[in-house]
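J.: Take this structure, written in structure tokens, and hold onto it; I'll ask about it next.
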Amino acid sequence: MADGNAALVTRGSDLVARLSKDLMRQSEFSSLTLSIYDTAWLAMIINKSGEGSGWLFPECFAYLLENQGSDGGWDPLQQSTRSLGYPNSLCLTDCIIHSLAALMALCRHARGPDPPADVSSRILDARSFLHQKLSIWTLEDITHLGFELLMPVHLLLLQEEGIKFEFPSKVKLFRKFQEAYAVDLDWVCDEAPCQVPLFSLKAYIGKLDFSRLGHVPTSACVAASPASTTAFLIDSPRWSAQCEAYLRHIVIRGPGKGNGSVPGVFPLELFEPTWVLATLLENGFTKEHLGAAQVDCFFSSSKAFFPDADDTSRILTLLNLNGYNLSPVGLVARFEVEDCFATVDTKMPKRVKSISVNGNVLCSLLQCL
């Protein structure tokens with residue numbers, strides 16, 4: 001980076017300053033895209049706290065109603081997919097999972113107190129939308145983490161609501177589901193604190209004994225996942241004031257700023273900020289360009305709720321770019337598997353081999369040479 005390129009240096013410094021300011025806020029930080037899927041789960045929570053009755057987050061259901069498309073579905077990535085010229089199939093799995101959860105919320109509200117007058121027509125429209133999407137969906141080249149759990153579980157939950165879908169890839173999908181669902185997770189009930197990210201906790205409703213999972217919530221509740229925290233709150237035999245407070249905080253203070261929507265992960269204090277900072281430092285910016293105090297802020301405030309290879313490799317790269325000369329032995333020991341690096345703890349079922357994770361690990365190892 002040439003020192004004379006003042007405009008570029010200023011833009012880089014301003015970006016890091018904005019991130020460091022967000023990181024230092026006590027309200028925590030996440031710039032992840034707002035998630036229809038997680039918002040739909042919050043919309044299904046019945047208030048059992050003893051303070052009032054009805055739905056705990058009616059604003060989340062209102063957000064779903066406002067964002068149901070004219071075609072009956074929820075496709076939050078449609079605009080970006082079209083504008084960037086990506087094939088529609090690239091985000092089809094996301095679109096289906098979002099819409100399955102939103103349809104389930106419609107069904108729950110349809111038999112709850114004060115349903116919308118047009119809820120029946122909305123359900124019919126959503127069913128038609130999903131029927132069309134599922135009819136063209138295949139398992140080929142799917143990289144969506146946990147799809148083999150989330151899609152079947154939502155299809156089964158909708159079946160309990162009287163809605164059943166048949167589609168060409170259903171048999172293959174449920175074959176994968178049986179393999180993933182068969183994993184022994186009894187140890188989760190006894191491991192305290194829990195050391196694996198239970199992003200798909202809702203997939204194990206009926207399999208895990210939620211009365212034995214009281215040790216799972218942390219300061220980031222269940223894996224910093226609003227949907228998994230909601231599943232815990234709904235199915236735990238005892239109401240969790242901690243989980244309720246976490247969800248209320250996200251609705252009010254999260255990226256949606258009180259509009260009823262929530263992101264897929266909150267907080268996300270380490271992953272995205274370190275990507276930004278490491279990328280800048282790898283491409284010619286220096287600590288002095290970006291502001292030494294602002295760079296140091298990343299190290300003082302960032303924290304991970306669960307170790308994973310992505311965060312670990314990016315942080316290792318970032319620290320070594322700042323002269324710490326750390327060894328990659330811990331990274332290799334924890335995440336290396338047979339022919340690649342696993343994304344998370346090897347206790348978790350191996351589902352998707354991530355190209356980006358292994359690319360980040362490779363960059364980190366090369367930086368250590």
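The values are calculated or read from the model by the stated rules, or taken from the named source; none is laboratory data. Bear in mind that the values here come from a model prediction, so they are computed numbers and not experimental data. Don't worry about glycine lacking a Cβ; one is built from the backbone with ideal geometry, like all the others, and counts go over all protein chains shown.
J.: What number of residues within the stretch 253-297 are at pLDDT below 85 and of a type in the set (Val, Ile, Thr)?
T.: So the answer is 2.
J.: Can I ask one more? Can you run down the residue pairs with Cβ atoms below 9 Å, 6 or more apart or on separate chains, where the first is in the stretch 247-258 and exposed (fewer than 15 other Cβ atoms within 10 Å of the Cβ) and the partner is in a helix (DSSP H, G or I)?
T.: GLY258/GLU59; GLY258/VAL251; GLY258/ILE252
J.: Those residues that are modelled with pLDDT under 95, within 21 Å of the chain's Cα centre (by Cα) and in a loop (DSSP other than H, G, I, E, B), I need them from the stretch 66-117; list them, please.
T.: Matches in the stretch 66-117: ASP75, PRO76, LEU77.
J.: Identify, please: which residue in the stretch 120-149 is acidic (Asp, Glu) and surrounded by 13 or more Cβ atoms within 10 Å (Cβ to Cβ) and is, among those, farthest from SER70 (Cα to Cα)? Working first, answer last.
T.: The initial filter retains those residues of the stretch 120-149 that are acidic (Asp, Glu), namely 125, 140-141, 148.
After this cut, where a residue has to be surrounded by 13 or more Cβ atoms within 10 Å (Cβ to Cβ) as well, the list is 125, 148.
Working: ASP125: 9, GLU148: 28 Å.
Looking at residues that are acidic (Asp, Glu) and surrounded by 13 or more Cβ atoms within 10 Å (Cβ to Cβ), I get GLU148.
J.: Now, a different point. Just the residues that are outside any loop (DSSP other than H, G, I, E, B) and either at pLDDT 85 or above or surrounded by fewer than 17 Cβ atoms within 10 Å (Cβ to Cβ) (or both), please, taken from the stretch 190-210. Walk me through it before giving the result.
T.: Residues of the stretch 190-210 that are outside any loop (DSSP other than H, G, I, E, B), as a first pass: 201-205, 208, 210.
ILE205, the sole residue that qualifies.
J.: Just a yes or no: is a residue in the stretch 179-186 of a type outside the set (Phe, Trp, Tyr), buried (at least 16 other Cβ atoms within 10 Å of the Cβ) and more than 29 Å from THR343 (Cβ to Cβ)?
T.: The answer is no, given that none of the residues of the stretch 179-186 is of a type outside the set (Phe, Trp, Tyr), buried (at least 16 other Cβ atoms within 10 Å of the Cβ) and more than 29 Å from THR343 (Cβ to Cβ).
J.: Exactly one condition in (1) in a loop (DSSP other than H, G, I, E, B); (2) more than 30 Å from ALA182 (Cβ to Cβ); (3) of a type outside the set (A, V, I, L, M) is false for SER120; which is it?
T.: Tallying (1) in a loop (DSSP other than H, G, I, E, B); (2) more than 30 Å from ALA182 (Cβ to Cβ); (3) of a type outside the set (A, V, I, L, M), SER120 fails exactly one: (1).
J.: For the stretch 328-335, does any single residue satisfy the condition of being at pLDDT 90 or above, closer than 21 Å to LEU281 by Cβ and surrounded by 14 or more Cβ atoms within 10 Å (Cβ to Cβ)?
T.: yes
J.: Kindly provide the set of residues from the stretch 211-228 that are at pLDDT below 90 and buried (at least 17 other Cβ atoms within 10 Å of the Cβ), ordered by number. Before you say what the answer is, go through the steps one by one.
T.: Going residue by residue through the stretch 211-228, those that are at pLDDT below 90 are 211-225, 228.
Residues satisfying the conditions are LEU213, VAL216, PRO217, ALA220, CYS221, VAL222, ALA223, ALA224, SER225, SER228.
J.: Enumerate the helices (runs of 4 or more DSSP H) found wholly within the stretch 235-297, keeping only those where 1 or more residues are within 30 Å of GLN367 (Cα to Cα).
T.: Working: elements: 241-253, 271-282, 287-290.
Counting at least 1 such residues, we get 271-282, 287-290.
J.: If a residue has to be assigned to a helix (DSSP H, G or I) and either small (Gly, Ala, Ser) or modelled with pLDDT of 85 or more (or both) to count, how many in the stretch 298-309 make the cut?
T.: Within the stretch 298-309, the first condition is being assigned to a helix (DSSP H, G or I), and the residues that meet it are 298-301, 309.
From what is left, the residues that are either small (Gly, Ala, Ser) or modelled with pLDDT of 85 or more (or both) are 300-301, 309.
Residues that pass the stated criteria total 3.
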